[in-house]
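Have a look at the structure below, then the notes.
The values are calculated or read from the model by the stated rules, or taken from the named source; none is laboratory data. The structure displayed is predicted, hence computed values, not measured ones. Methodologically, a virtual Cβ is constructed for each residue, glycine included, from the backbone with ideal geometry; neighbour enumeration extends over all protein chains shown.
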Amino acid sequence: MLKVNPCFWILWASVATFAGQAATPPGQPKSGPGGADCSHQEVLAREYGAGAQAYWLFEPAQPTPASAPVIVFSHGWSAMNPHAYGAWIEHLVKRGSIVVYPVYQDNLRTPPRDFTPNAIAAVKDAIQRLQKEPGHVKPELDKFALAGHSMGGVLSANMAALWAEAGLPKPRAVMCVEPGKTWGVVKAIAITLEDLSRIPKETLLISVVGDNDNIAGSTDAKRIFRESTQIPLENKNFVTLVSDAHGQPALRANHFAPVLSNALNYYGTWKLLDALTDAAFYGRNRNFALGNTPEQRFMGRWSDGVPVKEMIISVSP
C-alpha cells in the first residue's frame, strides 16, 4: 500500500483552497509617499465664505504645527462638498499640509467661465485668513502646490498659469488628475484652458490619465502636458494609470477612481502627489514622482505576490 506523508495532504489542501480564492489588492503601504505614516493625528475642517467663492480649510493638528505648506485641492464637477475626496484630503493634512478646497460653483448652473476666477478668489481669501486670523496654522507660501481632479485638474493648470497676475504664490508643484473638459458637444459645461506657457519653468508637473476613463479621456491631460512649454521635460511626466483585473475587487482606472481608497491611489495618485510636493518643497522623493523610475511605476503586489500593473510614464504623449 502506498504511504503518503500527511504533510502532503495539508499542503495540497492549502493550495487547492488558495486556488479557489481570488487575489486581493495591496493595502496602503506603511510608510513612504502614499503611505499610512503621518506626522499629525487630527484634521481641523472649517468652511468659510459664501456662494461660489466659498472654500474649506483643512489644517493639521495633534500636534498643531506653527506653519505648514499649502496644497490647493480642486474638485471635479459638482463635488462642492469635500466628502468625496475626504480620505485623500485627510492623508495630505495628516502628512503635514494645509489643504484649501475652493468650492468655485455654488450650484450646477454656475457658468464654467466663472470657475477659475471663483477658485482664485477663494484661495486668496484663504491665504489671507491663514495669515491674519488667530488660531490658524501659518501658511508657508514658498511651499505652494496645486492639485485637482477632473474639472479641478483644469482649474489647477489655469491657476498655475495665472498665478502672477492673480496674486497667488508661485506654484512649486502642479498635478492634474484626469482633467477635463475644454471640449465636447455640450458647451455649457466646457471650460477654457489658459495660456499654460506662463506656468513657471521651475514648477514640477504631473498630468495623469486613467486607461479606463471614458468621461474626460486624455485630450486635456495631453494639452496640459504639451502646452506647459516653459517646464523642461525632466521636470514633468505624463502618467497613465493602468486597470488590473488580476484579482478581486478589480482595479479600474476609470474617471471615478481618484475618489476611492485603493491601490490605484495609494501607489498612484496619492504617491505621486506626496512625492511631487516632497521633491518641490524639500528636495526628496523625486524618484517616486518623476523620471520613469521603478519606484514611480511600482503599484504594489496582489495578495498572491503578482505585481499590480505598473503606471505608464511618458514625456511625449
Name every residue in region 64-95 that is in a loop (DSSP other than H, G, I, E, B), under 15 Å from Leu130 (Cα atoms) and of a type outside the set (Val, Ile, Thr), in order of residue number.
-> Pro65, Ala66
Number of positions in region 273-311 that are touching a helix residue (DSSP H, G or I) at 6+ places or on another chain (Cβ under 8 Å) and not in a helix (DSSP H, G or I) = 13
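Would you check if there is a residue in region 98-118 being among the polar types (S, T, N, Q), part of a helix (DSSP H, G or I) and in contact with a strand residue (DSSP E or B) (Cβ under 8 Å, 6 or more places away or on another chain)? Don't jump to the end; show me each part of the working.
We begin by selecting, within region 98-118, every residue among the polar types (S, T, N, Q); these are 105, 107, 110, 116, 118.
Pick out the ones that are also part of a helix (DSSP H, G or I) and you get 116, 118.
If we keep only those that are in contact with a strand residue (DSSP E or B) (Cβ under 8 Å, 6 or more places away or on another chain) as well, we get 118.
Among the residues of region 98-118, at least one is among the polar types (S, T, N, Q), part of a helix (DSSP H, G or I) and in contact with a strand residue (DSSP E or B) (Cβ under 8 Å, 6 or more places away or on another chain), which makes the answer yes.
If you go through region 4-15 one residue at a time, do you hit one that is out of contact with any Pro (no Cβ under 9 Å at 6 or more places or on another chain) and modelled with pLDDT of 95 or more? I'd like the intermediate steps shown before the answer.
Here is the first cut: in region 4-15, the residues out of contact with any Pro (no Cβ under 9 Å at 6 or more places or on another chain) are 4-15.
Those still in the list that are modelled with pLDDT of 95 or more too: none.
No, that holds for no residue.
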Just give me the residues in region 260-274 being out of contact with any Lys or Arg (no Cβ under 7 Å at 6 or more places or on another chain) and at pLDDT 95 or above, in sequence order.
-> Asn262, Ala263, Leu264, Asn265, Tyr266, Tyr267, Gly268, Thr269, Trp270, Lys271, Leu272, Leu273
So, of the residues in region 194-249 that are part of a loop (DSSP other than H, G, I, E, B) and in contact with an Asp or Glu (Cβ under 7 Å, 6 or more places away or on another chain), which turns out to be modelled with the lowest pLDDT?
-> Ala216
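For region 39-61, name all the residues that are in a loop (DSSP other than H, G, I, E, B) and surrounded by fewer than 15 Cβ atoms within 10 Å (Cβ to Cβ).
As a first pass, look at region 39-61 and keep what is in a loop (DSSP other than H, G, I, E, B): 39-41, 49-50, 54.
Correct list: Ser39, Gln41, Ala50.
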Which residues, counting only those in region 128-184, are without any contact (Cβ under 8 Å) to a residue 40 or more places away in the chain, in a loop (DSSP other than H, G, I, E, B) and small (Gly, Ala, Ser)?
-> Gly135, Gly184
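Going by the structure shown, is Gly268 within 13 Å of the chain's Cα centre (by Cα) and buried (at least 19 other Cβ atoms within 10 Å of the Cβ)? So that I can check it myself, show each step before the final result.
On the way: within 13 Å of the chain's Cα centre (by Cα): yes; buried (at least 19 other Cβ atoms within 10 Å of the Cβ): yes.
Considered against the rule, which asks whether it is within 13 Å of the chain's Cα centre (by Cα) and buried (at least 19 other Cβ atoms within 10 Å of the Cβ), Gly268 comes out as yes.
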Members of region 199-217 that are under 14 Å from Val177 (Cα atoms) and crowded, with 20+ Cβ neighbours inside 10 Å | Leu205, Ile206, Ser207, Val208, Val209, Gly210, Asp213, Ala216
Residue list for region 266-315, restricted to those being of a type in the set (Gly, Ala, Ser) and closer than 14 Å to Leu205 by Cα | Ala275, Ala279, Ala280, Ala289, Gly291, Ser314
Quick count over region 253-262, residues being of a type in the set (A, V, I, L, M, F, W, C) and surrounded by 22 or more Cβ atoms within 10 Å (Cβ to Cβ), is 2
Condition test on Ala250, is it free of Cβ contacts under 8 Å to residues at least 24 places away in the same chain and over 19 Å from Phe73 (Cβ atoms)?
-> yes
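Can you work out which of the residues in region 144-191 that are among the β-branched types (Val, Ile, Thr) and at pLDDT below 95 is surrounded by the most Cβ atoms within 10 Å (Cβ to Cβ)?
Step one: filter region 144-191 for residues among the β-branched types (Val, Ile, Thr), giving 154, 174, 177, 182, 185-186, 189, 191.
Within this subset, residues satisfying the condition of being at pLDDT below 95 are 182, 185-186, 189, 191.
Details: Thr182: 15, Val185: 6, Val186: 7, Ile189: 15, Ile191: 22.
Among them, the one singled out is Ile191.
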Only one of (1) crowded, with 20+ Cβ neighbours inside 10 Å; (2) without any contact (Cβ under 8 Å) to a residue 12 or more places away in the chain does not apply to Gly86, and that is (1)
Region 228-246, subset surrounded by 16 or more Cβ atoms within 10 Å (Cβ to Cβ) and among the charged types (D, E, K, R), residue nearest to Leu290 (Cα to Cα) | Lys236
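Residues to consider are Thr277, Thr240; find the one that is in contact (Cβ under 8 Å) with a residue 40 or more places away in the chain, farther than 21 Å from Ile71 by Cα and among the hydroxyl-bearing types (Ser, Thr, Tyr).
Values: Thr277 fails: farther than 21 Å from Ile71 by Cα.
Thr240 is the lone residue from the list that is in contact (Cβ under 8 Å) with a residue 40 or more places away in the chain, farther than 21 Å from Ile71 by Cα and among the hydroxyl-bearing types (Ser, Thr, Tyr).
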